Structures are given as structure tokens and as C-alpha cells.
């Protein structure tokens, strides 16, 4: 599945409309393709404005619903025409629906997507639901977000839940907050730089869609998430004496990534003349290059201590804030030097860390 990124809005404040529209246009230019918000009788004018611009910009716009919301809007599981008329392309069944009602919604002939709540949907009921759905292409899934600190899901639990949907062909979305924000699905990512948290999620084989949960994100936050979709950045604090040949490992795309027990190997094609230098002890986070290998550029990042080896030059260490990315990198093993056209995880790019 092709990875996608999105944004979210709070629809209760009319004064935020100009900034909301500005963000939608800026995000579209950066490659964002999804918009999520709530919906209710008191916010219909704003939702209509968002839907109009979303359709002009080619967004998939989906909204949260529950039985009460449907009733207030004059809709029902068997009649989602209200949303079609509003220009809304998807409804997220937050809570309160049984399997038959979910199947009825998913079997609509309007092209409306129905999003299951990936955080709380009973996984042992998923196959039962799929047997009732004639149009599985209308099914998607997205997680909750948790505004109170310490209440979010663990990363392991979020991925385990997501896997069950993803492996059945149901694209899974998840919310990530700005740093120290509120609207995150995964608790451990709440206080992380948004580019790093988005990179961790986009490296997962089971997360297909990453949405900024907090409304009114800054232009910088938009750019960071867009960058995370394009490549997985790992910053490296380089040591004194870095040679011109060793510096070739930076700012190039590594599509071949091998995850080992104690190391991570990155390989790319390219002539180099790296000579043995700085043969010292390796440690967790150490970044090394293989010397005397003229036709390949090989980087090994260590996850544990190791003695000196004459084949490995130690050129630096991973910037501490980026170590969680290293620990959650996905493997890309489609063959050395083969560059997949539509790989489902972004290539790894090493950058020299420069302090502000």
C-alpha cells in the first residue's frame, strides 16, 4: 500500500477558518492527501467549507461519526447520502455501531469510505465483519488519539492492532502529535520531534497513513512530516578527521537496509576510495564505514558494543534524538542496488548533524 500523510482540524471555532484554509493549501503543496475532523450540527458551515476546499485540492476528507451524530444529521447506516451531498468522502465509526450496521455502511453505493476504529475494534470480530461486507474496498481503519498524557497506546500495541487490518487489505491511519502536543495515538511519541515520530510510524509495514492530530500545525511541522514520507533521516555527529571519501555516505538514498541482531547495514552503489582509519571500539550508536571496498558504499550502525575491526572505520555516532528511529527501522531487502519504484517505506538518508 502506498503511504499517505494527512492533517486534522477542530471545527468548533469559526475564527480559525482562515488559518485552516491556509494550512490545507500549504499541506497540499507538500504532498498531504488526507483531512480529518469532527462533525455536528453546530459545525456544519465550517465542515462544508473544509469539504469544498478539500475536494478542490484532491483531499480524502473523512469525519468522525457515532449513532448520535448520524441521528442529528438525519443520516443512518443505510443512508449516508448526507455526507455525499456535503462532499465528505469518508466516515469514521468512532463508537456505538454493531457489525451489521458497520457492514451496511460499508456496502453503500455512494463511494463513501467507512473507517473502523483501529484502537478499540475487537479483532476477533474482524473476519466476521468482512464476511458481511460486499464492498471491502470501502473499508479503511484509523486509530484514536489520546489528549491526556499517559493515556496513549504503546507502540507495540498500536502496531499489533494495525497489523490485523493491514494484512487484510484495510489501510490503517494513525495520529501523531506535534512535539509535546495532545493528539497522539502512541504515548511514547508524544514528546518526540514530529519528524522522528512520523518516520518511526512510516517505517512500519502496518501503518499506511500518518495524520498530524493537533489542529493548526505550523508550516515547519507540515514540512517535517512531508520530509518523513520522502525519506528516513538519521543525523550523525561526525568525528574529527572525516575524509572526503567517507563523506560520500551522507545525503544519498540507501534503499538496501539490512536489520541484524547487533547492527544495521546500509548499502548503495558508488565508487569510493575509503582507506583504513580510526579503527577503534564500536558501541551502541556508532556509525562506521567499510574500507577498501571500491564499488559499494557500506555503512554499519551498531546497536551494541563490539571490539575494533580493521575493516570498519568509525566516523561518528547517531544523534541521540534519532536513536529511536534506528531502533525501529524497517528492512528493505529487495536486492542490493535495486531501487523499487513504489517501495512502501522511504529510503534512509544519513545527514551530518550540525548544531544550531
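The values are calculated or read from the model by the stated rules, or taken from the named source; none is laboratory data. No experiment lies behind these values; they were computed from the predicted model shown. Reconstructed Cβ throughout: ideal geometry from the backbone, glycine too, with neighbour counts over all protein chains shown.
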Test residue 20 against the stated conditions and say whether it is surrounded by fewer than 19 Cβ atoms within 10 Å (Cβ to Cβ) and either farther than 14 Å from residue 215 by Cα or modelled with pLDDT under 95 (or both).
no
Among the residues in segment 30-43, are any free of Cβ contacts under 8 Å to residues at least 24 places away in the same chain and farther than 30 Å from residue 163 by Cβ?
no
For segment 50-66: of the residues being in contact with a helix residue (DSSP H, G or I) (Cβ under 8 Å, 6 or more places away or on another chain) and not in a strand (DSSP E or B), which is surrounded by the fewest Cβ atoms within 10 Å (Cβ to Cβ)?
58
Taking segment 140-173 only, how many residues are crowded, with 23+ Cβ neighbours inside 10 Å and in contact with a helix residue (DSSP H, G or I) (Cβ under 6 Å, 6 or more places away or on another chain)?
3
Could you grab the pairs with beta carbons closer than 8 Å, sequence gap of 6+ or different chains, first residue in segment 46-75 and on the phi > 0 side of the Ramachandran plot, second one part of a helix (DSSP H, G or I) and at pLDDT below 95?
none
Residue 100: part of a helix (DSSP H, G or I), in contact with a helix residue (DSSP H, G or I) (Cβ under 6 Å, 6 or more places away or on another chain) and over 22 Å from residue 39 (Cα atoms), yes or no?
no
Quick test of your reading of the structure: residue 15 fulfils all but one of (1) farther than 28 Å from residue 96 by Cβ; (2) modelled with pLDDT of 95 or more; (3) more than 20 Å from the chain's Cα centre (by Cα). Name the failing condition by number.
(2)
With the requirement that a residue be in contact with a strand residue (DSSP E or B) (Cβ under 7 Å, 6 or more places away or on another chain), in a helix (DSSP H, G or I) and over 15 Å from residue 225 (Cα atoms), what does segment 184-206 give you?
187
Kindly establish whether residue 314 is within 17 Å of residue 241 (Cα to Cα), in a strand (DSSP E or B) and in contact with a helix residue (DSSP H, G or I) (Cβ under 8 Å, 6 or more places away or on another chain).
no
Determine whether segment 11-21 contains at least one residue that is over 16 Å from residue 140 (Cα atoms), assigned to a strand (DSSP E or B) and free of Cβ contacts under 8 Å to residues at least 12 places away in the same chain.
no
Any residue in segment 272-289 that is farther than 23 Å from residue 231 by Cα, touching a helix residue (DSSP H, G or I) at 6+ places or on another chain (Cβ under 8 Å), modelled with pLDDT of 95 or more and not in a loop (DSSP other than H, G, I, E, B)?
no
Applying the selection to segment 85-97, what residues are assigned to a loop (DSSP other than H, G, I, E, B) and either on the phi > 0 side of the Ramachandran plot or surrounded by fewer than 16 Cβ atoms within 10 Å (Cβ to Cβ) (or both)?
87, 95, 96
Single unsatisfied condition, residue 268 versus (1) assigned to a strand (DSSP E or B); (2) modelled with pLDDT of 95 or more
(2)
Being in a helix (DSSP H, G or I) and out of contact with any helix residue (DSSP H, G or I) (no Cβ under 6 Å at 6 or more places or on another chain) is the filter here; which residues of segment 27-45 pass it?
29, 42, 43, 44, 45
Name the residue that is farthest from residue 207 (Cα to Cα), counting only residues in segment 113-125 that are out of contact with any helix residue (DSSP H, G or I) (no Cβ under 6 Å at 6 or more places or on another chain) and part of a loop (DSSP other than H, G, I, E, B).
122
Qualifying positions in segment 210-249 - within 27 Å of residue 144 (Cβ to Cβ), in contact with a strand residue (DSSP E or B) (Cβ under 6 Å, 6 or more places away or on another chain) and at pLDDT 95 or above:
210, 211, 212, 213, 225, 229, 232
